[in-house]
Amino acid sequence: MSIIDAGDGVEFTVLARGKRERVSLRLLGRHNVLNVLAAVAVGAWATRRLGGLTGDSYGAIAEVAEVVMLLLIVVLNAWFS
């Protein structure tokens, strides 16, 4: 995966279902790539497990992704302090 800092966000390429997909985010910071990848991974898992996604699933995915990123920030902060 390659991450490129664009002027108004970030762009990256990811391999999905055997194809390379180019993703462009209008969010500043490379850390947002991890947020998106975590949300996609949880969404893929929920789709396989539940047979589809609902509004509740999308809300839960957003919450889980936020918690994971906040925990990662806390761990990295403690590690590098």
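The values are calculated or read from the model by the stated rules, or taken from the named source; none is laboratory data. As the structure is a prediction and not an experimental result, all values here were calculated from the model. Every residue, glycine as well, gets a Cβ built from its backbone with ideal geometry; the counts of neighbours run over all protein chains shown.
Take residues that are surrounded by 10 or more Cβ atoms within 10 Å (Cβ to Cβ) and touching a helix residue (DSSP H, G or I) at 6+ places or on another chain (Cβ under 9 Å) and tell me which of the strands (runs of 3 or more DSSP E) falling wholly in region 1-80 contain 2 or more. Explain how you work it out, then say what you get.
Numbers: elements: 3-6, 9-16, 19-25.
Output list reads 9-16, 19-25.
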remark   = Of the residues in region 16-74 that are more than 13 Å from the chain's Cα centre (by Cα) and of a type in the set (Val, Ile, Thr), the one that is modelled with the highest pLDDT is VAL74
